[in-house]
């Protein structure tokens with residue numbers, strides 16, 4: 001089994017970078033507090049959890065434009081510092 005690196009050269013699949021990426025909310029379930037973002041760069045979808053959503057973000061809906069940073073866990077990429085555009 002391969003290890004997951006904490007950093008990466010691929011923008012949408014980055015590690016613990018502070019680079020702000022943009023995308024579109026593919027799906028978000030406000031009751032469960034999670035969803036997915038489709039990155040603008042065409043890379044793999046990014047998991048979004050409510051614990052990383054800015055308090056000022058407002059109501060998140062499908063097809064909303066957003067900005068976020070990416071980290072990688074054993075399950076794949078997830079969004080941090082999420083905010084709506």
Exercise. Consider residue 43 against the criteria (1) out of contact with any strand residue (DSSP E or B) (no Cβ under 6 Å at 6 or more places or on another chain); (2) part of a strand (DSSP E or B): it satisfies all of them except one. Which criterion is unmet?
Worked result: (2)
For this session: Considering only residues that are touching a residue at least 60 places away in the same chain (Cβ under 8 Å) and surrounded by fewer than 17 Cβ atoms within 10 Å (Cβ to Cβ), look in the stretch 37-85 and name the one that is nearest to residue 18 (Cα to Cα).
Result: 81
Exercise. Limited to the stretch 19-40, what total is found for residues that are in contact with a strand residue (DSSP E or B) (Cβ under 6 Å, 6 or more places away or on another chain) and assigned to a loop (DSSP other than H, G, I, E, B)?
Worked result: 2
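The numbers here are math on the coordinates, done by the rules we state, and not lab data. Since we're looking at a predicted model, the values are computed, not measured. A quick note on method: Cβ atoms are made from the backbone with ideal geometry, for glycine too, and the neighbour counts reach across all protein chains shown.
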